[in-house]
Amino acid sequence: MKNIVLFGPPGAGKGTQSERLIDKYKLIHLSTGDILRAERKEGTPLGQKANEYISKGELVPDDIVIGMVANKINENLDAKGFIFDGFPRTVTQGKALDEMLHKTGHPINKMLALEVDEDELTKRLLLRGETSGRADDQDEATIRNRFKVYNDETLPLKEFYKAQGKYYGVDGMNSIEMVFDDLCKHLD
Ligand code: AMP
């Protein structure tokens with residue numbers, strides 16, 4: 001079983017690369033952002049609550065997201081592995097993920113981190129906002145807040161995985177193809 005955390009700031013290309021990786025390696029794509037947006041679309045109480053945070057670029061509380069991920073893992077115990085995209089986003093989530101996977105006997109193999117500078121990220125997000133319909137990609141203040149939240153709350157996970165010897169940086173400024181090749185080298 002391969003369990004990979006695909007890490008990086010908003011707009012780094014996690015979703016794009018996840019799609020390709022799951023196709024090649026037959027892994028399950030576990031994107032907490034996608035699950036939350038699906039809940040919101042269905043108008044569930046969870047989705048409505050999540051929207052209060054998503055629309056401001058804030059993080060949805062840990063217990064909600066951890067519960068969602070635990071359900072998804074437990075529904076797929078026979079999977080070849082998972083690509084975790086947009087999760088964990090706090091050290092609390094990272095610790096919870098370690099505990100959940102410890103129970104399955106298949107811990108995280110690697111954290112692959114897409115490294116992209118903020119000017120490029122802003123450009124990509126605004127461009128994506130034109131087609132995705134995602135309100136959080138269309139407003140520069142929300143985008144700036146997402147970077148702040150990323151730097152304050154998510155970036156400490158780099159040290160968390162480094163301490164486990166599992167952190168691998170990948171240059172995310174390259175073309176989609178080149179980034180994909182680099183990621184595959186880490187997975188093969
Ligand atoms: P994403 O699609 O990963 O960019 O996530 C979009 C939004 O969903 C984020 O800005 C957060 O508001 C929320 N979200 C997604 N994943 C998480 C997570 N692991 N923890 C907390 N909030 C999350």
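If each of residue 185 and residue 164 carries a label point 7 Å out from its Cα toward its Cβ, how far apart are those two points in nm?
Spacing of the two 7 Å Cα→Cβ label points: 2.4 nm.
Per residue, how many Å² of accessible area does the chain show with a 1.4 Å probe?
51
For the chain, modelled as a Gaussian network with Cα springs under 10 Å, which listed residue fluctuates most, 152, 139, 78?
Ranking 152, 139, 78 by mean-square fluctuation puts 78 first.
Over segment 41-136, with every protein chain in place, what whole percent of the accessible area is carbon and sulfur at 1.4 Å, could you tell me?
Accessible surface attributable to carbon and sulfur in segment 41-136 totals 50 percent.
Holding the Cα-Cα limit at 31 Å, pick out from 103/123; 80/148; 110/148; 49/123; 24/148 the pairs that are longer than that. Walk me through the intermediate numbers first.
On the way: 103/123 41 Å; 80/148 34 Å; 110/148 25 Å; 49/123 29 Å; 24/148 33 Å.
Going by Cα-Cα distance, 103/123; 80/148; 24/148 fall outside the 31 Å limit.
List the pair-distance distribution P(r) of segment 2-187, using every Cα-Cα distance, as the percent of pairs falling in each 5 Å bin from 0 up to the bin containing the longest distance, rounded to whole percents.
Answer for segment 2-187: a P(r) of 1, 8, 17, 21, 22, 18, 10, 3, 0 percent.
What whole number of Å gives the distance from the Cα centroid of segment 123-188 to the Cα centroid of segment 49-103?
Here the answer is 17 Å between Cα centres.
Would you mind checking the radius of gyration and Dmax of segment 1-53 based on alpha-carbon positions, in Å?
Using the Cα atoms of segment 1-53, the pair Rg, Dmax is 13.1, 36 Å.
Using r as the Cβ-Cβ distance of residue 63 and residue 138, and R0 as 30 Å, what FRET efficiency do you calculate, to the nearest 0.05? It would help to have the intermediate numbers written out before the result.
On the way: r = 29 Å, r/R0 = 0.97.
Step by step, r from the Cβ atoms, then E = 0.55.
Among 77, 175, 161, pick out the residue whose Cα is farthest towards the positive end of the charge dipole of the chain, where Lys and Arg carry +1 and Asp and Glu carry -1 on C-beta, about the Cα centre.
77
Over all alpha-carbon pairs of segment 65-108, lay out the pair-distance distribution in 10 Å bins, whole %, shortest bin first.
Taking every Cα pair in segment 65-108, the percentages come to 26, 66, 8.
Normalised by the number of residues in segment 1-133, what is the relative contact order in percent for Cα pairs under 8 Å and 6+ residues apart?
46
The values are calculated or read from the model by the stated rules, or taken from the named source; none is laboratory data. Here the structure is a predicted model, which means the values were calculated and not measured. We place every Cβ from the backbone using ideal geometry, glycine too, and count neighbours over all the protein chains shown. Heavy atoms of the whole protein, side chains included, go into the accessibility calculation; ligands, DNA and RNA do not. Shrake-Rupley method; radii C 1.70, N 1.55, O 1.52, S 1.80 Å.
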